[in-house]
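I'd like to ask you about the structure that follows.
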Amino acid sequence: MALTSEDLSTVYSLLQSALRQDDAIRKPAEATLAACENRPGFCSCLLEIIASRDLEHQSDARWLASVYFKNSINRYWRIRRDSLGISDAEKPHLRRKLLELIREENNQVAVQLALLISKIARFDYPREWQELFPTLLQKLQSPDVLMTQRVYLVLNQILKELSTKRLAADQRNFAEITLQYFDYTWHHWCADTQGIIQGLSSIIRGTESDHLSTDQEQTLRLTCERWMLCLKVLRRMLLHGFQSDAKSVQEVGPVKEVCPKFLHAVQSLLHYRSLLTQALVLQEFVEKACLRLMKILVEVQSTHPYSFSNLAVLPPVLEFCYAQIAEPKERRVIFEPFLIKCTIFVRSVIQCVAYRPNKAGRVVGQTTPTMEETKGTLARQAEEILLVLLGNQRLVLLCGILVRSYFVLTPADLDEWALDPEAFHHEQDLIQCKEKLRPCAESLYLALFESHRELLAPVVVEILKQALEGCPPAAPGADVIITPALLLKEAAYNAVGAANYDLHDYIDFKSWWEGALVHEIRNQHPNGRILRRKVAWLLGKWVSKIKDDMRKPIYSALLRLLGDSDMAVQLAACYSLQNLIDDVHFYEDEFLEFVPACLELLFQFMRSAQEFDSKLQIFHLVSLIIDRLGEKIAPYVGKILSFLPQVWQDSEGQSLLQIQVILALQQLLIALGPQSPICYDLLLPILQYSTDVNQPDELNMLEDGVQLWQTTLRNAPIMVPQLMDLFPHLVAVMERNFEHLSTVMKIIESYILLGKVEFLRSHGAGVAKILDIVVGNVKEKGMMCTLPVVDALVQCCPGDAPSLLAGVLQKLVLLVVSGREEPDLVRASAGAVLARVFVQNSAFFAQLTSRPSLSLALQQSGVAVPDQSALFLFFDAWLDKVDSLTTLLKRKLCALALCILLALREPQILDRLEQIISICTSVLHETEEDKNGVASGYDYHIVDDGSMGPEESEASRKRQVYIADPINKVALAPFLKEKLQTCAALHGEAAFNAAMSRLHPSLLLQLQQLMQP
């Protein structure tokens, strides 16, 4: 039922109740409002409440009305089948009314109105709302500052919405809007810039004694807000209203016009920033404006690099940014966020691909330049500008400034380190280059090395040399004073570590290690932690140079650092140990003597660490050690197992850390092989928890829990009751989804090999349920994971499995006979599984193909079924796909099934005699039987992964099943000969000979040769 104007008071009362803190009043009101969202007229009621001048003092209710209005638009503006929503008759009224309310005095409501208009514009512009932008342009003519400010607020939100639409027609619409609005917005912004500069100048000169009238303050505030909104609108039009010239190679004219003015505005505002010491609000605006302007310059250069490379744009902006970076620290007045923007701009220009000329030549005889040639010309022009602005001398100077000034730890850094070493270390690792000045400087430093390695590498080596000379390593027991020379040395070490790849051929690391680094870590003075941490970090960066006889001394040094009293040093040592152990030149025998001490130190560190990231890093190193040592970890398993339970208990609720415990257990199981049951006291409860789909961390932990389950079974020497009792969890996993299908099938196969008939009798119903869920409901990859499991069940338990899996096998028959959309490989492989049933349990197969339920299913799929059985329907469909089988075992299985088919007293056999003999002779040629008739061949069942001993490994269990397989014990040639004789006896010599005479002569000759003793 539609809402009308008579319901206004009710809706307003509900909004007021929804603002109450009392849950008993608020929640029913919220529920009623939510139920009204899809009723016609609800949005009109809300809009009337927003527009009501009588309710201006009730701004909260008006704001909440605008929020509900916005939510209704998101959900119901477009036509929906399940709701009447907002009718087409109501929409024009809402659009018109919203434009009338643009001059809203309440800021919160005004923002919501702007969002409302932008959401509707995304849906309706330009088809149903052609008057939107002309109306906005008309309102911009108003002299009312508040009106124009609100129009730009709306315009910014609309452009923000429309800029995300990527269809070509939508982009053309955006370009038309830009063409219509850009000049007007630009002139408005320029006028506001001049007004703001004049206002700031007047305040600073004191002509108005810092005391503005209320109206003047309001006007200046609104002008500043309008200026910022104009700037945002200009940014969106510059970035999205013109195609990137990197693609079109068409000059974007406004770039040359606006960017110099942006730079001039930055310079002017920065001048006033330092003078506005008493006007903090204005100072905050100036800082925000400078950051916004600098961000736009960075984005425009990245989007329109060729237009930006104009002589009137790139040189002054790059010169300005370089000057800000190169300004000595003691004379620097620029605030840090702005300096970060300047650094980002210089890095963006240096790394700009568009400014690197390509090496492509020109087609002979071609007169018109191609786009690539035009790009090359523009790139060379930009390159010439950069060679002038960033010549070798300036690059060397910039590199030195970055290392000597920006890389140096500040007093604030040292205070943060002293307060919380763990947090300090992780912050240095995790902070982005756009957030802090030092990481941003490091990013620029590396960008310089990308294209100027030969020039800058000697510079950094010289800085390192000077730092070493200016601050020699302290003696082991000497006091260490934090001096500028020591901090410069730390910065130099940082520079060498960051550019390790580029400095590889310029640093003699062994001499550096023996002459300085090893001495730095021997001093245990608290202030020495600065260099100890950096040396520990450096070793992880220069792993490629740590080889042969250097390995053991460095392992020893890192263990000493791992036991340091400062946690930041310990974490750096942990990082380097991880890199060394994960390196290609890591040899287990060299590290074995350090394993006990290393594990002990890591366990101690784990107990004292407080940060989650620290624990994760430590435990990852423990897992890596277990993985790399393999079987050689066995002597230390007791120590590891005594430590893991406490970690698991302490990490409750921290699934990432618990996953690391699971991964470590996996590595331990693989290393222990048949001795893995010594882990069961810890392993089985963890396995029980991690594979439970109802535990709270199931989303994060289930995948790793299932992998641990598979590893446990693969390495188990015998089945234990606890593992048997765990199987219902697998059924629950598969009832959820097929995400873990491949691993689940491997787990079932491991259960079959380990538990055989006992397992099937205990959990046969669960296995059948899983297979029934999967078969027919997954694609080719899923079926090819599942069919080997069905085959293994029939192979290991030929008496029990077929009847248990009757429903699944019936699905496979249906798939082979009527599954025309299924891939040939799937149909052929499903047929091979059924062929095994036919070979090992012919009576059951005959019963299966005679079932009324199968006949009914086939008829429903459009297949006509003979009166007696679907047997020949299956074999006829399967024989067409047999060539898709590639393994010898499956092809021999196919031949044996066909041989058994020959012994049936069915007249249809003789009609298929040629096809049967053709396949059998083909398989005989492939199998290369020996004198005893045993086929030689290779199959996945006998793959040995080498993870365990020969007697107790899963590979040995597979081998035993393979050896016991009756398929391998039957000689095909004598078996074929016997069944042909049986066939002749059943059908009579005359009928049999007549059928044989219809064979192709070459096929008959092959058969005779193969049948010879």
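If only one of Ile521, Ile507, Ile463 is touching a residue at least 60 places away in the same chain (Cβ under 8 Å) and among the hydrophobic types (A, V, I, L, M, F, W, C), which one is it? Full working, then the answer.
Numbers: Ile521 fails: touching a residue at least 60 places away in the same chain (Cβ under 8 Å); Ile507 fails: touching a residue at least 60 places away in the same chain (Cβ under 8 Å).
From the options Ile521, Ile507, Ile463, the qualifying one is Ile463.
Give the residues of region 552-594 that are closer than 12 Å to Leu629 by Cα, open to solvent by 50 Å² or more (accessible area, probe 1.4 Å) and assigned to a loop (DSSP other than H, G, I, E, B), sorted by residue number.
Of everything in region 552-594, those that are closer than 12 Å to Leu629 by Cα, open to solvent by 50 Å² or more (accessible area, probe 1.4 Å) and assigned to a loop (DSSP other than H, G, I, E, B) turn out to be Asp582, Tyr587.
Quick one: what pairs do we get from region 747-770, first residue under 19 Å from Leu708 (Cβ atoms) and in a helix (DSSP H, G or I), second open to solvent by 50 Å² or more (accessible area, probe 1.4 Å) and at pLDDT below 95, C-beta under 8 Å, 6+ apart or different chains?
Ser750/Arg714; Leu754/Ile718; Gly755/Ser762
What about Leu879, is it touching a residue at least 40 places away in the same chain (Cβ under 8 Å), within 48 Å of the chain's Cα centre (by Cα) and surrounded by fewer than 20 Cβ atoms within 10 Å (Cβ to Cβ)?
Numbers: touching a residue at least 40 places away in the same chain (Cβ under 8 Å): yes; within 48 Å of the chain's Cα centre (by Cα): yes; surrounded by fewer than 20 Cβ atoms within 10 Å (Cβ to Cβ): yes.
In short, yes.
State yes or no: is Asp479 part of a loop (DSSP other than H, G, I, E, B), open to solvent by 40 Å² or more (accessible area, probe 1.4 Å), of a type in the set (Asp, Glu) and touching a residue at least 40 places away in the same chain (Cβ under 8 Å)?
Values: part of a loop (DSSP other than H, G, I, E, B): yes; open to solvent by 40 Å² or more (accessible area, probe 1.4 Å): yes; of a type in the set (Asp, Glu): yes; touching a residue at least 40 places away in the same chain (Cβ under 8 Å): yes.
Considered against the rule, which asks whether it is part of a loop (DSSP other than H, G, I, E, B), open to solvent by 40 Å² or more (accessible area, probe 1.4 Å), of a type in the set (Asp, Glu) and touching a residue at least 40 places away in the same chain (Cβ under 8 Å), Asp479 comes out as yes.
Further question: Could you tell me how many of the residues in region 729-748 are touching a Leu at 6+ places or on another chain (Cβ under 8 Å) and farther than 22 Å from Met719 by Cα? Full working, then the answer.
So the first thing to find is which residues in region 729-748 are touching a Leu at 6+ places or on another chain (Cβ under 8 Å), and the list is 733-734, 740, 744, 747-748.
Of the ones still in play, those that are also farther than 22 Å from Met719 by Cα are 734, 740.
Residues meeting the conditions: 2.
Please verify whether Arg532 is surrounded by 22 or more Cβ atoms within 10 Å (Cβ to Cβ) and either touching a residue at least 40 places away in the same chain (Cβ under 8 Å) or closer than 24 Å to Phe586 by Cα (or both), treating the condition exactly as stated.
Details: surrounded by 22 or more Cβ atoms within 10 Å (Cβ to Cβ): yes; either touching a residue at least 40 places away in the same chain (Cβ under 8 Å) or closer than 24 Å to Phe586 by Cα (or both): yes.
In short, yes.
Here is a follow-up. Of everything in region 124-148 that's open to solvent by 60 Å² or more (accessible area, probe 1.4 Å) and not in a loop (DSSP other than H, G, I, E, B), which residue is nearest to Gln58 (Cα to Cα)? Steps first, please.
First, the residues of region 124-148 that are open to solvent by 60 Å² or more (accessible area, probe 1.4 Å): 127-128, 130-131, 134, 138, 141, 143.
With not in a loop (DSSP other than H, G, I, E, B) added as a condition, the list becomes 134, 138.
Values: Pro134: 32, Gln138: 30 Å.
For region 124-148, the residue satisfying everything is Gln138.
Now, a different point. Search region 844-859 for residues that are closer than 18 Å to Leu804 by Cα and part of a helix (DSSP H, G or I) and pair each with any residue that is open to solvent by 10 Å² or more (accessible area, probe 1.4 Å) and of a type in the set (S, T, N, Q) when their beta-carbon atoms are under 8 Å apart and the residues are at least 6 apart or on different chains.
Taking only residues 6 or more apart or on different chains, the pairs are Phe844/Ser803; Ala846/Ser869; Leu848/Gln810; Thr849/Ser869; Ser853/Gln810; Leu854/Gln810.
From (1) open to solvent by 30 Å² or more (accessible area, probe 1.4 Å); (2) part of a helix (DSSP H, G or I), pick out the condition that doesn't hold for Leu448.
(1)
So, one more: With the structure loaded, tell me whether Val778 is touching a residue at least 12 places away in the same chain (Cβ under 8 Å) and crowded, with 19+ Cβ neighbours inside 10 Å or whether it fails that test. Break it down stepwise before answering.
On the way: touching a residue at least 12 places away in the same chain (Cβ under 8 Å): yes; crowded, with 19+ Cβ neighbours inside 10 Å: no.
Against the criterion (touching a residue at least 12 places away in the same chain (Cβ under 8 Å) and crowded, with 19+ Cβ neighbours inside 10 Å), Val778 does not qualify.
Another question, then. If we keep just the residues of region 243-291 that are in contact with a helix residue (DSSP H, G or I) (Cβ under 6 Å, 6 or more places away or on another chain) and of a type in the set (Asp, Glu), which is least open to solvent (accessible area, probe 1.4 Å)?
The qualifying residue least open to solvent (accessible area, probe 1.4 Å) is Asp245.
With respect to Leu488, determine if the residue is under 15 Å from Val403 (Cα atoms) and open to solvent by less than 50 Å² (accessible area, probe 1.4 Å). Please lay out each step first, then the result.
Values: under 15 Å from Val403 (Cα atoms): yes; open to solvent by less than 50 Å² (accessible area, probe 1.4 Å): yes.
In short, yes.
Tell me whether region 498-518 contains one or more residues that are open to solvent by less than 60 Å² (accessible area, probe 1.4 Å), part of a helix (DSSP H, G or I) and within 18 Å of Val408 (Cα to Cα).
Step one: list which residues in region 498-518 are open to solvent by less than 60 Å² (accessible area, probe 1.4 Å), which gives 498-500, 502-503, 507, 509, 512-513, 515-518.
Going one step further and asking which of them are part of a helix (DSSP H, G or I), we end up with 498, 509, 512-513, 515-518.
From what's left, within 18 Å of Val408 (Cα to Cα): 498.
Yes; the residues of region 498-518 include at least one that is open to solvent by less than 60 Å² (accessible area, probe 1.4 Å), part of a helix (DSSP H, G or I) and within 18 Å of Val408 (Cα to Cα).
Moving to a separate point now. Among the residues of region 796-839, what is the count of those that are within 20 Å of Leu901 (Cβ to Cβ), surrounded by fewer than 24 Cβ atoms within 10 Å (Cβ to Cβ) and of a type in the set (S, T, N, Q)?
1
Could you give me the residue pairs with C-beta distances under 7 Å whose first residue belongs to region 400-428 and is more than 18 Å from Gly497 (Cβ to Cβ) and part of a helix (DSSP H, G or I), whose second residue is open to solvent by 10 Å² or more (accessible area, probe 1.4 Å) and of a type in the set (Gly, Ala, Ser) wherever it lies, and which are 6+ apart or on separate chains?
Sorted first by the residue in region 400-428, then by its partner, the pairs are Ile401/Ala326.
Name every residue in region 712-724 that is in contact with a helix residue (DSSP H, G or I) (Cβ under 9 Å, 6 or more places away or on another chain) and of a type outside the set (Gly, Ala, Ser), in order of residue number.
Kept after step one, since they are in contact with a helix residue (DSSP H, G or I) (Cβ under 9 Å, 6 or more places away or on another chain), are these residues of region 712-724: 712-720, 722-724.
Across region 712-724, the qualifying residues are Thr712, Leu713, Arg714, Asn715, Pro717, Ile718, Met719, Val720, Gln722, Leu723, Met724.
So, one more: Mind checking which pairs have a first residue in region 25-44 that is open to solvent by 20 Å² or more (accessible area, probe 1.4 Å) and a second that is among the acidic types (Asp, Glu) and part of a helix (DSSP H, G or I), Cβ under 8 Å, 6 or more apart or different chains?
Short answer, once both residue conditions are applied: none.
The values are calculated or read from the model by the stated rules, or taken from the named source; none is laboratory data. Because the structure is predicted, anything quoted here is derived from the model rather than measured. Every residue, glycine as well, gets a Cβ built from its backbone with ideal geometry; the counts of neighbours run over all protein chains shown. In case anyone asks, the SASA skips ligands and DNA or RNA and just uses the protein heavy atoms, side chains included. Shrake-Rupley method; radii C 1.70, N 1.55, O 1.52, S 1.80 Å.
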